[in-house]
Amino acid sequence: MSDETGFRRWAEERQLALLRTAVLLTGDRHRAEDLVQEALTQVALRWRRLADEHPDAYARQVIVRRNISWWRKHRREVVADPPERGADSRAEAYADRRMLLDQALAQLTPRQRATVVLRYYDDLSERETAEALGVSVGTVKSQTHVALRRLREASPELADLLGEECR
């Protein structure tokens, strides 16, 4: 299989998963799409070296680091009102849960958000998360601890919602 064919196959298989991760990291679909495009470009440029190693890890690292660079340049506070309760249709219930999750993640610092998304959404180990973020394992542990505490304190309705679904 040629390098180009191998890359195309990998990119087609992984693009949506990378986009989901980027959306959770950024909270902005358009910026997430841009980050995924940048990551795919970087992987394509290094495909010969990455094909036998871990192109997913490299792509995630590009997404995370480019996002960190972006929020360092564009720091701002996000203030959001809680959603109003409407009819109890499944679509609205899903949208409400999604909004709660988005609001909860928006209350974290960008590094805390990245740590939580990589650890619990992408299911990376502490070591893999540390490598993706360019920090120590101890930093990942402390960021995760603080982020989870902030989520519990700032968004108890999310914990209640998740608790109801787990029963």
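The values are calculated or read from the model by the stated rules, or taken from the named source; none is laboratory data. Source: prediction; values computed, not measured. Counting neighbours? That spans all protein chains shown, and the Cβs are built from the backbone with ideal geometry, glycine included.
Some notes on this structure:
- Identity of the residue in segment 24-47, at pLDDT below 90 and part of a helix (DSSP H, G or I), that ends up surrounded by the fewest Cβ atoms within 10 Å (Cβ to Cβ): 24
- In the condition set (1) assigned to a helix (DSSP H, G or I); (2) crowded, with 19+ Cβ neighbours inside 10 Å, residue 149 is compliant with all but (2).
Rundown of residues vs (1) under 22 Å from residue 102 (Cβ atoms); (2) of a type in the set (Asp, Glu); (3) in contact with a helix residue (DSSP H, G or I) (Cβ under 6 Å, 6 or more places away or on another chain), yes/no style:
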site: 22; (1), (2), (3): yes, no, yes
site: 46; (1), (2), (3): no, no, no
site: 58; (1), (2), (3): no, no, yes
site: 68; (1), (2), (3): yes, no, no
site: 71; (1), (2), (3): yes, no, yes
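- Single residue of segment 152-164 satisfying the filter (closer than 20 Å to residue 109 by Cβ and surrounded by fewer than 16 Cβ atoms within 10 Å (Cβ to Cβ)) that is modelled with the lowest pLDDT: 159
- Test: residue 139 is at pLDDT 80 or above, of a type in the set (Ser, Thr, Tyr), more than 19 Å from residue 24 (Cα to Cα) and surrounded by 11 or more Cβ atoms within 10 Å (Cβ to Cβ): yes
- Set side by side, the residues 60, 98, 72 differ, and just one is modelled with pLDDT of 90 or more, assigned to a helix (DSSP H, G or I) and at negative phi, which is 60.
- Pairs linking a residue in segment 136-149 that is in the same structural domain as residue 105 (by TED's automatic domain parsing) to a residue that is outside any helix (DSSP H, G or I) and among the aliphatic types (A, V, I, L, M), with Cβ atoms under 6 Å and 6 or more positions apart or on different chains, are 147/108.
- Condition broken by residue 78, with the remaining ones in (1) modelled with pLDDT under 90; (2) surrounded by 14 or more Cβ atoms within 10 Å (Cβ to Cβ); (3) not assigned by TED's automatic domain parsing to the domain that holds residue 155 satisfied: (2)
- Residue satisfying all of: in segment 1-23; small (Gly, Ala, Ser) and either assigned to a helix (DSSP H, G or I) or in contact (Cβ under 8 Å) with a residue 24 or more places away in the chain (or both); surrounded by the most Cβ atoms within 10 Å (Cβ to Cβ) among these: 22
- Residue match in segment 101-118 (condition: acidic (Asp, Glu), at pLDDT 85 or above and surrounded by 13 or more Cβ atoms within 10 Å (Cβ to Cβ)): no
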